[in-house]
Amino acid sequence: MQKSVRLKSFELIAQDINSVDVSLLHALSTGVGWPHRFKDWEFLRRAGSGIAAVDGIGRVFGSAMWFPHGDDLATIGVVITSPRTQAQGTGRWLMQQVFEQCGERRLALNSTIAAHKLYVSLGFTAEATVYQHQGDVAAALPALPPLDGELSELPPDKIEGIFALDTFAFGTDRSRLITLLSEGASICVLRRDGAMVGYSMCREFGRGHVVGPVIASNDRDAIHLAAVHLKDLTGQFARVDTREKGPFAHFLQQSRLTISETVTTMSKGGPFLNRKANEPAVYGLAGHALS
Ligand SMILES: CC(C)(COP(=O)(O)OP(=O)(O)OC[C@H]1O[C@@H](n2cnc3c(N)ncnc32)[C@H](O)[C@@H]1OP(=O)(O)O)[C@@H](O)C(=O)NCCC(=O)NCCS
């Protein structure tokens with residue numbers, strides 16, 4: 001008896017990502033070692049649009065999603081092809097369909113090392129490195145710098161209060177996404193002289209909690225806005241994605257959130273990042289897929 005068999009290749013069909021069973025998407029991301037839970041996929045499907053690559057009997061071999069922020073910008077995420085089908089053109093095919101759906105919008109994403117070559121060949125330019133800090137939060141947080149202002153909790157029904165600050169820091173109005181993220185999140189704001197100067201969110205994701213977005217005007221404010229959540233998570237798994245290398249990153253390291261991976265923020269159609277010195281900026285990302 002022959003000990004090998006050559007299987008016929010099969011056709012993949014692009015389907016709306018909402019038309020496939022979430023458990024198949026969950027299996028796809030688990031298959032490449034990503035931490036998304038069933039619930040995280042449900043959230044992503046509410047927040048954005050996308051494509052699933054499906055074979056003739058309904059199995060899912062790929063995904064790509066995009067998250068519109070008005071008519072000007074979209075962020076791209078959860079671009080995955082199952083290991084069995086990688087390096088055969090599926091990733092490129094998925095991305096070309098995302099381009100078609102995104103129209104004239106500028107595009108931004110956070111690229112893994114595996115995807116870097118693909119995105120460069122599709123016209124993306126690298127802008128910055130993102131450090132994924134994660135781990136079980138230290139039993140005691142490091143000493144914090146003096147707090148300049150007052151921290152308070154923001155009830156989710158008052159979420160519109162942070163829209164202007166977030167838009168300034170992110171560079172584009174992403175109120176719809178922020179509203180969705182706020183459901184079930186704990187939100188903290190920092191006020192100085194009566195004005196809102198920073199905010200942070202903490203929500204369940206993957207293996208534990210994500211602290212992000214963190215919007216602040218300086219490292220000291222950002223540290224307090226992250227610490228206010230991390231102090232309630234001691235001993236539990238938490239993650240903060242940041243482009244910072246200075247005191248904020250040092251604080252995360254001291255809180256035992258070490259760098260597990262780096263990804264590269266890339267854009268196409270125009271620059272994405274718009275950091276201005278001493279102005280509110282993104283210290284913590286909303287999420288890898290959300291930028
Ligand atoms: C990144 C990923 C989506 C690429 O999908 P794919 O189906 O392999 O993509 P393609 O077959 O269209 O390949 C695109 C290019 O990337 C190259 N490539 C694919 N996998 C690669 C790898 N692991 N390392 C280096 N290059 C790779 C291919 O050779 C190809 O280059 P070419 O067109 O010059 O020959 C897939 O590897 C994957 O799902 N990885 C795990 C999850 C991940 O990192 N997703 C990216 C999120 S930003």
Pair Q254, S23: separation of 7 Å Cα→Cβ label points (nm): 4.7 nm
With just the Cα atoms of the chain, tell me how far they stretch along each of the three principal axes, in Å, largest first. 76, 43, 33
Can you list the lysines whose alpha carbon is less than 26 Å from that of K39, not counting same-chain residues fewer than 8 positions off? K158, K231
About its Cα centre, the stretch 1-138 carries a charge dipole, from +1 on Lys and Arg Cβ atoms and -1 on Asp and Glu Cβ atoms, whose size in debye to the nearest 20 is 620 debye
Taking the Cα-to-Cβ direction at Q88 and at L273 and moving 7 Å from each Cα, how far apart do the two end points lie in nm? 3.7 nm
List the chymotrypsin sites (Phe, Trp or Tyr not before Pro) within the stretch 1-53 that fall in a DSSP loop (any state other than H, G, I, E or B) and whose Cβ has at most 12 other Cβ atoms within 10 Å. F10
Mind giving me the nanometre distance, one decimal, between the label points for F38 and L147, set 7 Å out from Cα along Cα→Cβ? 3.9 nm
Going by how many other Cβ atoms sit within 10 Å of their own, how do D232, D193 line up, fewest first? D193, D232
From the phi angles alone, apply the Karplus equation (6.51, -1.76, 1.60; θ = phi - 60°) to the stretch 243-257 and give each ³J(HN,Hα) in whole Hz, x where the residue is Gly or Pro. 9, 7, 10, x, x, 5, 5, 5, 4, 5, 4, 5, 8, 6, 9
Round to the nearest 10 and give me the degree value, 0 to 90, for the angle of helix 90-102's Cα axis relative to the longest principal axis of the chain. 60 degrees
Under 30 Å from the Cα of K3 - lysines, other chains or at least 8 residues apart: none
Cut-off of 10 Å, at most 13 other beta carbons, DSSP loop: longest stretch of the chain lacking such GluC sites (Glu not before Pro): 184-291
Computed over the chain: relative contact order in percent, which uses C-alpha pairs under 8 Å that are six or more apart: 22 percent
What ³J(HN,Hα) values, in whole Hz, does the Karplus curve 6.51 cos²θ - 1.76 cosθ + 1.60 give for the stretch 129-146 when θ = phi - 60°, with x put for Gly and Pro? 9, 10, 9, 8, 8, 7, x, 7, 4, 4, 4, 10, 6, x, 4, 9, x, x
Among rounded, prolate and oblate, which fits the stretch 163-234 when a ≥ b ≥ c are the square roots of the eigenvalues of its C-alpha gyration tensor, a/c under 1.5 means rounded, and a/b larger than b/c means prolate? oblate
How much of the DSSP beta bridge set in the chain is antiparallel, as a percent to the nearest 5? 90 percent
Helix 22-31: inclination vs the chain longest Cα principal axis, degrees, rounded to 10, gives 90 degrees
For q = 0.13, 0.15, 0.17, 0.26 Å⁻¹, what log10 I(q)/I(0) does the stretch 13-104 give under the Debye formula with an equal point scatterer on each alpha carbon and no solvent? -0.39, -0.52, -0.67, -1.47
With everything on Cα atoms, drop me the angle between helix 38-47 and the longest principal axis of the chain, reported from 0 to 90° to the nearest 10. 80 degrees
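Read-outs: derived from the displayed coordinates by stated rules, not from any lab. This structure is a prediction, so every number in the text was calculated from the model and none was measured. A quick note on method: Cβ atoms are made from the backbone with ideal geometry, for glycine too, and the neighbour counts reach across all protein chains shown.
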